[in-house]
1. Using only Cα atoms, figure out Rg for the chain and give it as a multiple of 2.2 N^0.38 Å.
2. Ignoring ligands, DNA and RNA, what percent of the 1.4 Å accessible area of the chain is carbon and sulfur?
3. Determine which lysines satisfy two conditions relative to K189: a Cα distance under 30 Å, and not lying fewer than 8 residues away in the same chain.
4. Which residue, T140, F166, S219, has the largest displacement toward the positive end of the dipole of region 115-235 when charges sit on each Cβ (Lys, Arg +1; Asp, Glu -1)?
5. Whole-Hz Karplus ³J(HN,Hα) for region 383-398, in order, using 6.51 cos²θ - 1.76 cosθ + 1.60 and θ = phi - 60°, x for Gly and Pro?
6. For K220, list the lysines whose Cα falls under 16 Å from its own Cα; do not include residues on the same chain fewer than 8 positions away.
7. Per q in 0.16, 0.19, 0.20, 0.24 Å⁻¹, report the Debye log10 I(q)/I(0) for region 338-389, using one uniform scatterer on each alpha carbon and no solvent.
8. Amide H to amide H under 5 Å from Y61: which residues, 5+ apart in sequence or cross-chain, H placed 1.01 Å off N in plane?
Amino acid sequence: MDIKIEKKPWYIRYRYYMIAALAFIIFLIYVISLSLGPRKLRIETDNIQIAEVKDDKFMEYVDVEGLVQPILTIKVNTREGGSVDRIVGEEGNMMKQGDTLLILTNPDLIRSIEDQRDEWEKQRITYKEKEIEMEQKSLTLKQQTLQAQYEMERLRKSFGLDKEEFKMGIKSKAELQVSEDEYKYKLKKTALQMESLKPDSSVTLIRKELLRNDLERESKKLKRAEERLEDLIVKAPIGGQLSFVKVTPGQQVASGESIAEIKVLDQYKIHTSLSEYYIDRITTGLPATVNYQGKRYPLKITKVVPEVKDRMFDVDLVFTGEMPENVRVGKSFRVQIELGQPEQAIVIPRGNFYQSTGGQWIYKINSSKTKAVKVPLNIGRQNPLQYEITEGLQPGEFVVITGYDTFGDAEELILK
């Protein structure tokens, strides 16, 4: 007897297909949710650096490398042209002010000075001759004056005698009149002669003064010319180390040519270059420090060159106190230039996140430290060690500050 087999319901017959379809749908939903949701990336905490957000002291400063240079470098220039006869100072030697560096020769200059000396000698002889001539003329004028005075005195006495003789009746009135007329004439003539002697004497004095001035001018010209001979001996204008001499014996040099250099080593300065970003904030007098072998040495800015070249400008600093023992020309030090006083601020350490995010956002770690998510933030000032956070983070929070070049566009980091 055949047994009738009942047909199973469709959901029993196709249950495996339905389970597979359901699993596929769930998987599809999971994939879609992952693609639509935030992208996550699993990372090892050993491969990143985590830092705490702190409320701490913030000092804005610039950290740069500076090069030690002499406090002053003097270029030695020739005052006279000529050929190098002998080099006295050797490169590297310490020189005192006035020490001879080299000796020049200039035959043309020597001949010119000898010609001026001859000219001055001629002027001096001419002056002496004219002086003697004027002295003789003065003597002649004095003799004439004395003679005129004698004649006046004689006429006065003669006229007085004639008046006495007239009173005694010895001479007539006509003779007295003739004597009186002659006396008045001689008196006027002598007075005119005496008057003419005065201008003559004044002219003589003026001529003497002019001749004396001419002689003095020639003497000064000769002295200046002889001083040029002294300039053929090139001397150190200041004490210091003769760093180099760039001429050789027999070489012809021109007047005003730079032939040597002296470095003043009594004190040193540190020369550095800064980004044009700081040009409005760097001024003379700003403090700075050099950290060397665990000790801080104070400096201050003494010179700021405002000219910008290749987006950099130059700054000179000098030590204001003790200097490191091994300061040498050409040695480099790390210099921290302070841009203000320490202030309380929310800060985080520097990291490569700034290069990747531009300081616009950062990964902040949750309280359980299992994941980190992107959060926006604002960065204010910065120094070589810290960033100042003005918005987006609070003290006590933790952030990821390195490894951003491997995160891609992940929205969340799963920490392992």
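1. Normalised Rg, Cα atoms only: 2.45.
2. Of all accessible area on the chain, carbon and sulfur atoms account for 53 percent.
3. Partners found: K137, K142, K157, K163, K167, K171, K173, K198, K208.
4. In region 115-235, that residue is F166.
5. 9, x, 10, 9, 10, 8, 9, 9, 6, x, 9, 10, x, x, 7, 10
6. Output for K220: K122.
7. Evaluating at q = 0.16, 0.19, 0.20, 0.24 Å⁻¹ gives log10 I(q)/I(0) of -0.54, -0.71, -0.77, -1.00.
8. L339
The values are calculated or read from the model by the stated rules, or taken from the named source; none is laboratory data. From a predicted model like this one, the values you see are computed outputs, not experimental measurements. Virtual Cβ from ideal backbone geometry, glycine too; neighbours counted across all protein chains shown. Heads up: the accessible areas ignore ligands, DNA and RNA and are worked out on the full protein's heavy atoms, side chains in. Shrake-Rupley method; radii C 1.70, N 1.55, O 1.52, S 1.80 Å.
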